[in-house]
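The values are calculated or read from the model by the stated rules, or taken from the named source; none is laboratory data. Bear in mind the structure is a predicted one, so any value in this text is a computation, not a measurement. FYI the Cβ positions are ideal-geometry reconstructions off the backbone, even for glycines, and counts take in every protein chain you see.
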Amino acid sequence: MKRGGIINAALAGAVARLGHTDEVLICDSGMPLPPGVPVVDLAFVPGIPSFADVLDGILAEIVVEGATAAEEVRAANPACHAELGERLPVLGYVPHERLKQLSRTSRLVVRTGEARPYANVILRCGVAF
């Protein structure tokens, strides 16, 4: 049995299979899921688990070389915008419709129970060396 880190078996396995430049979409419960991309659905009830909790858990496990969020998060969800800024020093913004298009090439989608708008980010995996 694992001592810590991600203990969800499906998510732990999917994270372990990620490689350099692979992209992971961490999304709120309302984000349309891109067809054909594996999804680990962690949503339980609205707000649980939160976007921030899931993001923190994944950031503890992977190297991130870049990230992309919807520019609408700035005005529509300032708390989430602040959370992203605190955690991701290399963060770009695109319109939400473009983020949905970009999500189609993700290697993995992790759906949270987040119920705040635009709580979505695509992480691009880096390498640890």
Just give me the residues in region 66-112 being free of Cβ contacts under 8 Å to residues at least 24 places away in the same chain and not charged (D, E, K, R), in sequence order. Ala75, Pro78, His81, Ala82, Gly85, Pro89, Gln101
Considering only residues that are in contact with a strand residue (DSSP E or B) (Cβ under 6 Å, 6 or more places away or on another chain) and in a loop (DSSP other than H, G, I, E, B), look in region 108-129 and name the one that is surrounded by the fewest Cβ atoms within 10 Å (Cβ to Cβ). Gly126
Among the numbered conditions (1) surrounded by fewer than 16 Cβ atoms within 10 Å (Cβ to Cβ); (2) more than 25 Å from Val127 (Cα to Cα), tell me where Glu72 comes up short. (1)
Output for Cβ contacts, cut-off 7 Å, separation at least six or different chains, first residue touching a residue at least 12 places away in the same chain (Cβ under 8 Å) in region 50-65, second among the polar types (S, T, N, Q), reads Ser50/Thr112; Phe51/Thr112; Val54/Thr112
Of the listed residues (Arg124, Arg107, Arg87), the one being basic (Lys, Arg), over 16 Å from Leu59 (Cβ atoms) and at pLDDT 95 or above is Arg107
Scan of region 40-61 for residues that are within 16 Å of Ala14 (Cα to Cα) and surrounded by 17 or more Cβ atoms within 10 Å (Cβ to Cβ), ordered by number: Val40, Leu42, Val54, Leu55, Gly57, Ile58
Taking the conditions exactly as written (part of a strand (DSSP E or B) and aliphatic (A, V, I, L, M)), does Val54 satisfy them or not? no
Please determine, by comparing only the residues of region 28-51 that are part of a strand (DSSP E or B) and among the aliphatic types (A, V, I, L, M), which one is farthest from the chain's Cα centre (by Cα). Val45
Does Glu61 meet the test of being more than 18 Å from Ala119 (Cα to Cα) and either within 15 Å of the chain's Cα centre (by Cα) or among the aromatic types (Phe, Trp, Tyr) (or both)? yes
One residue from Arg74, Arg98 being in a helix (DSSP H, G or I), more than 28 Å from Arg17 (Cα to Cα) and of a type in the set (Lys, Arg): Arg74
For region 28-39, name all the residues that are surrounded by 11 or more Cβ atoms within 10 Å (Cβ to Cβ) and over 27 Å from Ala76 (Cβ atoms). Pro38
Looking for something surrounded by fewer than 19 Cβ atoms within 10 Å (Cβ to Cβ), in a helix (DSSP H, G or I) and of a type in the set (Gly, Ala, Ser) - is there at least one such residue anywhere in region 16-27? yes
